[in-house]
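Report on the following structure.
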2 protein chains.
Amino acid sequence: MIGPVHPSRGSLSPLGIDQARLTSGFWAERQQRNGAATIPHAHSWLERTGWLGNFRLAAAGELAPHLRQGREFSDSEVYKLAEAMAWEIGRGGDAPLDELSIVVAAAQEPGGYLNTMFGRPGQQPRYSDLVWGHELYCYGHLIQAGVARLRTGFEDALTATAIRAADHVCVEFGAAGRQFLCGHPEIEMALVELYRVTGITRYLDQARLFIDRRGQATLPDIELGRAYFQDDMPIRERAAFDGHAVRALYLASGAVDVAVETGDDKLLAAVVRQWERTVAARTYLTGGMGSRHEGEAFGDDFELPTDRAYVETCAAIASVMLSWRLLLATGESRFADLAERTLYNVVAASTSLDGRSFFYTNPLHQRVTGAPMDSSKPWPRASSSERAPWRDVSCCPTNISRTLASLGGYLATADGDGVQIHQYASAEVRAGETGLTVETGYPWRGDVTVRITETGAGPWRLSLRVPGWAGEATLVTPEGTERVRSGYAGVTRTWRVGDQVRLELPVGPRWTTPDPRIDSVRDCIAVERGPLVYCAESVDQDPAVPLEAVAADRSAPVVEHPLPALGPDAVALDVPAAQLPVSANGWPYGSHGDGDQEVGTLRLVPYHLWANRGPATMRVWLPQRRG
Amino acid sequence: MIGPVHPSRGSLSPLGIDQARLTSGFWAERQQRNGAATIPHAHSWLERTGWLGNFRLAAAGELAPHLRQGREFSDSEVYKLAEAMAWEIGRGGDAPLDELSIVVAAAQEPGGYLNTMFGRPGQQPRYSDLVWGHELYCYGHLIQAGVARLRTGFEDALTATAIRAADHVCVEFGAAGRQFLCGHPEIEMALVELYRVTGITRYLDQARLFIDRRGQATLPDIELGRAYFQDDMPIRERAAFDGHAVRALYLASGAVDVAVETGDDKLLAAVVRQWERTVAARTYLTGGMGSRHEGEAFGDDFELPTDRAYVETCAAIASVMLSWRLLLATGESRFADLAERTLYNVVAASTSLDGRSFFYTNPLHQRVTGAPMDSSKPWPRASSSERAPWRDVSCCPTNISRTLASLGGYLATADGDGVQIHQYASAEVRAGETGLTVETGYPWRGDVTVRITETGAGPWRLSLRVPGWAGEATLVTPEGTERVRSGYAGVTRTWRVGDQVRLELPVGPRWTTPDPRIDSVRDCIAVERGPLVYCAESVDQDPAVPLEAVAADRSAPVVEHPLPALGPDAVALDVPAAQLPVSANGWPYGSHGDGDQEVGTLRLVPYHLWANRGPATMRVWLPQRRG
């Protein structure tokens, strides 16, 4: 059994979700809650909205156009839930996947075509709207669900349906087929993964065709430009990720998969270069990507507004998928660093503490307190000041679910030298003859203890990632104690059962300042603590300290407090606050006083926990007090 | 003959475009160029794109759906050009309006319906898509064209067509008709103006119906919310302008017209209150309004990004229309102040120096140099780093044209006490028995000389606006010299022909600082000079001073230079520049040095003149040098 992404080449080999198992703590709790709350929640909404019912009507030949429910991509939510269930079952949980698989399989047509939106009397014909219709995108998610099922040891209706769909795509869109693309990349990585699990090369060939076909101006020049679909230039020629963020990051993930499997080092290098530029100039402190509401898109370099940050949850998940692929391909810790940042500060932030409501956008500044969310119906908009239980476009909940259910697969890897631990969580890890346990209070505490529970006879290397945010850490091994720098620290030795290695990371609060080219946060500071970005939320503040014009004094000490309302280990931070002088004459330019005034204390909470206590305003970045 | 907007009540009475005539200088040159270049340019593009041809095909009964050209609102461009031509003829210019009027009139159907997009075999039925179809919006522009023609002394095919359309609307959408709205407000002010020029009260009644009908959730709850169409709450209850900026400002203008004509002081007060909040928290330094690309909309308070400022040219024109109405209603100089700011820094900026290309959006920061504009075809997008000759959505050029052609009407007013001069331009003004000339080098120079050329026997008051930006000025009258403060300064006396009044405004450069609640410009400074906002454009800079991370030192003197490349009187400003330290390790947070470094001189040019020398980057706001 293995987990998501299993390249046949690359620096590191992933471990399966049965080989790296979360046992307790931050992510284990979220994984449990995903199985107990989020998966059933999504299942019930798929029934309630009729998006699953579409398949039943299709199988019965009763799907008249006016009966079909949901947007053009609603089939994909069913597939993403199926993938989540497959991983959940794979990690030892329970979920009614068989039932779902039968519903999906029954709707597939002879020849492998499957989509509830197209091709029936009164519907648009098959493949008549590849630009916006999402048919190949939906197949991608179906195939990923099938791959998850195969990797966790099953061959069933779902896997057969996925393979039939993939075969259909290879005929319809192959070298001799329609020379066209889906408006939304996704199928590329799905096909490579199916190749990896089946060994059938036509899936890889088809993925490479789709990668190479994109960027030839096949899709129309819409108001947002062809960059929206990444069809303005070949991915090999891009300087940074552009256009719709989820599309760009899914495409890049598929490109890495193709590059790794075909030995196309130039393509891999192109994606790495784009990742670097994007991280240097188009990424939020939270790891979030996608600056623009218009087109759900990346912006220009340093165009990173806080209040209108789009930072779609699905783009964050796509970024983690991409970082993981680049980590496996290169073995470089910077990719695991970004995945960590994104997991703790966007993926974790996206979901409420009860696992039943979700952010679609994840801004770094909420200016206005919205009305309390009406949980009885899908929320019609991407933005909200609270998490919504479901949306008309509800791509995030099922995407979160499949990620959390398979999260064990992102913790650790192996290579010829030994075992590498990339993300810290209490866990049990097995790789070949090696067994170990990880115990940690991360992210609240900085201690990580690894204990050897099984080992072969020869020497091997245990590597632990020292995150970039830490700069340095202390590593205590049976060989002694040493200061280690960001990157991978480790020790090679002949291990014995019971040996321990302890990493001590400096998780204390630290002030962060931004590059001055980022307009929205110029002259501001933020507080981070370990991998967590903090924010000020209005519900915590004294009314005398409105967030609108607050300033923080970085010369003052930051005081830690427990935050029991948001978790037994959660830590809040207090900093002295001042109020900035604001305009009062009706024109906000050139007319306000100098100097600010200390007014009290500002309480900061982990960003990922905000908006769990009712509607609020919030800001991550705080203007600096100048005195 | 009179000009745009002629209320029957209010503090001030407008003068006609034959009574206030621009003679030379900044606006006279633009008005001349509008007649000589922009009107023929727009006319030729309306032919080339087939938007005018739609009317010919309609009249011939040959407008098959596949032959109709342009977007659903393209008819309105023909009407706005007709209005521009009407004012151009009214001010003594020449334009082929008769020809255009005949083409339009011939397409009108029995009963008064007129729209080339709807109602023919194969087209959607009339009024089947009021939400997006713009039928009433188009009538609004047709009626405004008819009003312009009537006010300038003509009754012809155009005026008859406009009146028939208005009568049709009053039947179809009256109290006993369709209880619905147009998605795009516009017809409200057109109907009130038609009432003003004809005295027929049903037009006023219909306008009031439309104003009161909006805000009742008649239109659908789209992704952008009903605020997009201002249908989320009645205009009487709003706190600030919200949603699509052009729609909001056209609606507010219509509401003021209705309020003034019906004596509805509460409605007028509501719009004034919204204007105040919008100016205090939702307006750019240039006077531009509309912060968001998404929905072309106002944002939250203090959500004013510079790089993604939408600031649609048409919203600026709508803001001038609104300010002018509020000035007439109240006599308060703050409305003329905002109109001045908007005219010099958005309306003037929107058009190239040759009068043949136009900005749709007017951001305050251009980060990326685009490719040179291809002038051979309509530009498909709202944004561009250069002005475009025409667009698929080309609302701006004809809106600019009708504004410039009628601009004389915005200069001065009269009331029972005398004459008020609101905007400074060399001009001849007549009001009743009074005649005067204005001579000025404004906006480059601050001297304004008014000379009495005719006068009645009794005393009357000459009032001159002292702009808010000036704070104080010097007024030299036959009675003596005095320091006067922002607002209206003047003198009441029995004038004699040849008497002079001289206003001396301090147009020297000044630094402006922003309210700290505006994220995008925190810790920045801008330079203004008289009514003009300045900017740094990359074409003027030493390559050693890239704009990306430039800082300006406000303690240093600003040096003035002539700028002959952009006009005989144009003034450039030089300030010492420093470079800010930027991140260099691939992550833009927490990793760059302290202290900046002086690198040379930064040249600033008037914002309205930028992008006349090829593609460039640009910024209005400059980070402050901290040393």
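Whether any residue in the stretch B:495-515 is free of Cβ contacts under 8 Å to residues at least 40 places away in the same chain, acidic (Asp, Glu) and outside any loop (DSSP other than H, G, I, E, B) is what I want to check. Taking every residue of the stretch B:495-515 in turn, none turns out to be free of Cβ contacts under 8 Å to residues at least 40 places away in the same chain, acidic (Asp, Glu) and outside any loop (DSSP other than H, G, I, E, B).
Is there a residue in the stretch A:465-486 that is more than 24 Å from A:LEU326 (Cα to Cα), under 29 Å from the mean Cα position of the chain (by Cα) and open to solvent by 60 Å² or more (accessible area, probe 1.4 Å)? No.
Within the stretch B:260-285, if we keep just the residues that are β-branched (Val, Ile, Thr), more than 14 Å from chain A (Cβ to nearest Cβ) and within 21 Å of B:ASP337 (Cβ to Cβ), the residue that is surrounded by the most Cβ atoms within 10 Å (Cβ to Cβ) turns out to be B:VAL271.
Within the stretch A:326-337, take every residue that is in contact with a helix residue (DSSP H, G or I) (Cβ under 9 Å, 6 or more places away or on another chain) and open to solvent by 10 Å² or more (accessible area, probe 1.4 Å) and give me the one that is nearest to A:LEU285 (Cα to Cα). Filtering the stretch A:326-337 for residues that are in contact with a helix residue (DSSP H, G or I) (Cβ under 9 Å, 6 or more places away or on another chain) and open to solvent by 10 Å² or more (accessible area, probe 1.4 Å), the one nearest to A:LEU285 (Cα to Cα) comes out as A:ASP337.
On the stretch given as the stretch A:433-451, residues that are part of a strand (DSSP E or B) and buried (at least 20 other Cβ atoms within 10 Å of the Cβ) total 5.
Across the stretch B:584-627, the qualifying residues are those that are modelled with pLDDT of 90 or more and surrounded by fewer than 18 Cβ atoms within 10 Å (Cβ to Cβ), and the one among them that is nearest to A:PHE302 (Cα to Cα) is B:GLY586. Number of residues in the stretch A:226-242 that are within 14 Å of chain B (Cβ to nearest Cβ) and open to solvent by 10 Å² or more (accessible area, probe 1.4 Å): the value is 7.
In the stretch A:516-527, the residue that is farthest from the other protein chains (Cβ to nearest Cβ) out of those that are touching a Lys or Arg at 6+ places or on another chain (Cβ under 9 Å), buried (at least 23 other Cβ atoms within 10 Å of the Cβ) and not in a loop (DSSP other than H, G, I, E, B) is A:VAL527. When we screen B:VAL147, B:VAL78 for residues that are in contact with an Asp or Glu (Cβ under 7 Å, 6 or more places away or on another chain), in a helix (DSSP H, G or I) and in the same structural domain as B:GLY35 (by TED's automatic domain parsing), the only hit is B:VAL147. Within the stretch B:286-320, the set of residues being more than 9 Å from chain A (Cβ to nearest Cβ), charged (D, E, K, R) and outside any loop (DSSP other than H, G, I, E, B) comprises B:GLU296 only. If the condition is being within 14 Å of chain B (Cβ to nearest Cβ) and either within 13 Å of A:GLY288 (Cβ to Cβ) or out of contact with any Ser or Thr (no Cβ under 6 Å at 6 or more places or on another chain) (or both), then the stretch A:321-335 contributes A:SER323, A:LEU326, A:GLU332, A:SER333, A:ARG334. Whenever a residue of the stretch A:33-61 is more than 19 Å from A:CYS395 (Cβ to Cβ), its partners that are surrounded by fewer than 16 Cβ atoms within 10 Å (Cβ to Cβ), lying with C-beta atoms within less than 6 angstrom and at least six residues away or across chains, give the pairs A:LEU57/A:LEU67; A:ALA59/A:ALA106.
Pairing residues of the stretch A:330-350 that are closer than 24 Å to A:GLN32 by Cβ with residues that are open to solvent by 10 Å² or more (accessible area, probe 1.4 Å) and of a type in the set (D, E, K, R), at Cβ distances under 7 Å and at least 6 apart in sequence or on separate chains, gives A:ALA348/A:ARG30.
Applying the condition of being under 24 Å from the mean Cα position of the chain (by Cα) and of a type in the set (Val, Ile, Thr) to the stretch B:129-161 and asking which residue is nearest to B:ALA105 (Cα to Cα) yields B:ILE143. The selection criterion, being under 36 Å from the mean Cα position of the chain (by Cα), modelled with pLDDT under 95, within 14 Å of chain A (Cβ to nearest Cβ) and closer than 30 Å to A:TYR284 by Cα, does not hold for B:PRO581. Restricting the search to the stretch B:486-515, which residues are among the hydroxyl-bearing types (Ser, Thr, Tyr) and within 14 Å of another protein chain (Cβ to nearest Cβ)? Passing the criteria: B:SER486, B:THR512, B:THR513.
For A:GLY25, the criteria (1) in the same structural domain as A:GLY92 (by TED's automatic domain parsing); (2) open to solvent by 50 Å² or more (accessible area, probe 1.4 Å) hold in every case but one, which is (2). Residues in the stretch B:529-551 that are open to solvent by 10 Å² or more (accessible area, probe 1.4 Å) and at the interface with another protein chain (Cβ under 9 Å from one of its Cβ atoms): B:GLU548 alone.
Being on the phi < 0 side of the Ramachandran plot, assigned to a helix (DSSP H, G or I) and among the acidic types (Asp, Glu) is a property that holds for A:ASP337. In this structure, does A:VAL246 turn out to be open to solvent by less than 30 Å² (accessible area, probe 1.4 Å), more than 25 Å from B:GLU294 (Cα to Cα) and in the same structural domain as A:LEU338 (by TED's automatic domain parsing)? In short, no. Screening the candidates B:ARG71, B:ARG33 for the property of being more than 11 Å from B:SER401 (Cα to Cα) and either charged (D, E, K, R) or open to solvent by 40 Å² or more (accessible area, probe 1.4 Å) (or both) yields one hit, B:ARG71.
Scanning the stretch A:367-387 for residues that are within 14 Å of chain B (Cβ to nearest Cβ) and either over 21 Å from the mean Cα position of the chain (by Cα) or hydrophobic (A, V, I, L, M, F, W, C) (or both) yields a total of 11.
If you go through the stretch B:540-564 and keep only what is among the aliphatic types (A, V, I, L, M) and modelled with pLDDT under 90, you end up with B:ALA544, B:VAL545, B:ALA556.
For the residues A:ASP523, A:ASP596, the requirement of being of a type in the set (Asp, Glu) and within 31 Å of the chain's Cα centre (by Cα) singles out A:ASP523. Looking across A:LEU204, A:LEU158, A:LEU181, one residue alone is in the same structural domain as A:ALA86 (by TED's automatic domain parsing) and within 22 Å of A:LEU81 (Cβ to Cβ). It is A:LEU158.
Give the stretch B:595-623 a look and list any residue that's at the interface with chain A (Cβ under 9 Å from one of its Cβ atoms) and either hydroxyl-bearing (Ser, Thr, Tyr) or part of a loop (DSSP other than H, G, I, E, B) (or both), or say none. Listed by number, the residues that qualify are B:ASP596, B:TRP621. Of the residues B:THR513, B:THR492, the single one that is farther than 22 Å from B:THR306 by Cα, hydroxyl-bearing (Ser, Thr, Tyr) and out of contact with any helix residue (DSSP H, G or I) (no Cβ under 7 Å at 6 or more places or on another chain) is B:THR492. Being of a type outside the set (Lys, Arg) and surrounded by fewer than 22 Cβ atoms within 10 Å (Cβ to Cβ) is the filter; apply it to the stretch B:492-506 and report the residue that is nearest to B:GLY468 (Cα to Cα). Looking at residues that are of a type outside the set (Lys, Arg) and surrounded by fewer than 22 Cβ atoms within 10 Å (Cβ to Cβ), I get B:PRO506.
The values are calculated or read from the model by the stated rules, or taken from the named source; none is laboratory data. Because the structure is a prediction, the values reported are computed rather than measured. So basically every Cβ, Gly included, is an ideal-geometry build from the backbone, and we count neighbours across all protein chains shown. Heads up: the accessible areas ignore ligands, DNA and RNA and are worked out on the full protein's heavy atoms, side chains in. Shrake-Rupley method; radii C 1.70, N 1.55, O 1.52, S 1.80 Å.
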